[in-house]
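What follows is a single structure, written as structure tokens, with notes after it.
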Amino acid sequence: MIRSISIVFPCYNEASRLKYTFNDIKKFQEKKITNDFEIIFVNDGSSDNTFQILKKYKNENAKLNKKIKIISYQNNKGKGYALKKGIMIAKYDWILTLDTDISVSITQLSEWIKHKQINKEKFIYFGSRNLIDSKIKFKMYRKLMGLIFITIIKIFFNINLSDTQCGFKLYRKDIARKLFSNLKMLDFTHDIEIVLISKKKGYRIKELPVNWIHKKGSKISVFKDSLKMFISLLKMKFIFPK
């Protein structure tokens, strides 16, 4: 079913973690899920040498060079904005978004395909860390934050998904572009807006299990970003009342 795919990585100050990304791309190639793929890196205003590392990687990999696209801009805009930029230039039938730290490997796709879990093209597929078949290694405070967040969005928006914030998501290109084209929430809460727009447009979301490992170097501050996310959710409440 997946004959071609665009893989989008949002990158913000990822200089120390890009080695995980590059190793995982190699594993993905070895799996031979498809030969028709592209890798899109979106450098979201990094202040470290993320952009230089990406350019070097592209230039030093002759076989991958034409399959790699790099978008870069000066000011940090947020994860939602970065994903939107990548999705809008993606050329293949399917689009996979995931985090640069490879908390979930690109090769998770092969597991989904093997178990025939990607079976309807009009579905959106969300990786979920909270399904019984998921295998996760996490810090307890992250688990607690996740449970609080899920409870809040259920109360605010009547969302019954078990995990909206896992970065590993698979879309048909036409659906992804419709969802992201008018995205208003450009930070970490963009996932919630995607769910709400999907519901409004009649797209169904299917949650699938993932192997997820917490990696050091997260850009999320427990207290500062939790407050920001709560404020964003309040703003969204006015845009998408029940």
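The values are calculated or read from the model by the stated rules, or taken from the named source; none is laboratory data. Nothing here was measured: the structure is a model prediction, and the numbers come from that model. Cβ sites come from the backbone with ideal geometry, for glycine too, and all protein chains shown count toward neighbours.
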**Request:** Could you tell me whether ALA62 is at pLDDT below 95 and more than 17 Å from ILE5 (Cβ to Cβ)?
**Result:** yes
**Complete:** In the range 1-18, anything hydroxyl-bearing (Ser, Thr, Tyr), under 19 Å from LYS66 (Cα atoms) and surrounded by fewer than 17 Cβ atoms within 10 Å (Cβ to Cβ) is listed as SER4
**Fill in**
Every listed condition ((1) farther than 26 Å from TRP212 by Cα; (2) buried (at least 19 other Cβ atoms within 10 Å of the Cβ); (3) among the charged types (D, E, K, R)) holds for LYS63 save (2)
**Asked** Taking the range 62-110 on its own, how many of its residues are free of Cβ contacts under 8 Å to residues at least 24 places away in the same chain and farther than 14 Å from PHE41 by Cα?
**Response** 2
**Request:** Could you identify the single residue in ILE132, ILE153 that is in a helix (DSSP H, G or I) and more than 18 Å from the chain's Cα centre (by Cα)?
**Result:** ILE153
**Prompt:** For GLU111, which of the numbered conditions (1) more than 22 Å from THR189 (Cα to Cα); (2) out of contact with any helix residue (DSSP H, G or I) (no Cβ under 6 Å at 6 or more places or on another chain); (3) assigned to a loop (DSSP other than H, G, I, E, B); (4) not aliphatic (A, V, I, L, M) fails to hold?
**Reply:** (3)
**Prompt:** Within the range 29-67, can you find the residues that are closer than 21 Å to ASP101 by Cα, among the hydroxyl-bearing types (Ser, Thr, Tyr) and not in a helix (DSSP H, G or I)?
**Reply:** SER46, SER47
**Item:** Residue tally, condition farther than 13 Å from THR107 by Cα and loosely packed, with under 13 Cβ neighbours inside 10 Å, over the range 19-47
**Value:** 2
